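First comes the structure, then the notes that go with it.
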Amino acid sequence: MLASDIRALRKARGLTLAEIALKLDRSVGWVSQVERGLSIPSLGDLRAFADLFGVPLSLFFSHDVPIEKERGVVVRAGSRRTLGTSESGLVEELLSPDLGGSFEMVRSIFAPGAELKSEQLRPTEEAGYIASGIFEIEIAGVWHRLVEGDSFRFERKPYRWRNPGTEPAVVIWVVSPPVY
């Protein structure tokens, strides 16, 4: 799973093996072996990958899938990879088994009062479903107030968000291509 996630992150960012090797001060062969699961990167190497891809280090750690036939297919509630911390106001759980597909699905939990103050712009198509709470999202300069059962979609547009409510807002977020 680690190997396919690293390969998916590299491809999602349009980077070559040679570019990754140069940025990490490693050989192309080593990066290729990591992507094929033939070499296991050290913790320091994983930190370097996380910094390079702009993802949390925790993304590279997952719980083992106890049933082999479920590996790469099923993610059990107790085995989700957590991305982020409650201190940031946003905790995300990867619902997809890995990052190797054409999209990723994330369960995002926005703390009351949490806010993304600066706009983000990603080369992605994104959609979300509000599972609970109140969630406000600004897409291309227009704010939308969403409540449980509402949904949204946008592609390659600047956005930011906030939770104006007093309860956590839970949003199921789909991003294509995967960015985590």
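Values quoted throughout were computed directly from the atomic coordinates according to the rules given, and no laboratory measurement underlies them. Small disclaimer: the values here were computed from a predicted structure and weren't measured. Note that each Cβ is placed from the backbone with ideal geometry, even for glycine, and that neighbours are counted across all protein chains shown.
Worth a mention:
- With the simple model of a label 7 Å out from the Cα in the direction of the Cβ, ALA131 to VAL73 spans 2.3 nm.
- Cα gyration tensor category, rounded, prolate or oblate, for the stretch 2-60 with a/c compared to 1.5: rounded
- Partner lysines for LYS117 [C-alpha distance under 20 Å; skip if fewer than 8 residues away on the same chain]: LYS157
- Projecting the alpha carbon convex hull of the stretch 34-171 along each direction and taking the average yields 9.6 nm².
- Stretching the chain fully between GLU115 and SER176 yields a gain of 19.7 nm (0.36 nm per residue, less the alpha carbon separation).
- Highest-first packing order for the peptide set 172-179, 119-126, 135-142 is 172-179, 135-142, 119-126, based on the mean count of other beta carbon atoms within 10 Å.
- Computed E for ARG36/SER151 - FRET, C-beta separation, R0 30 angstrom, nearest 0.05: 0.20
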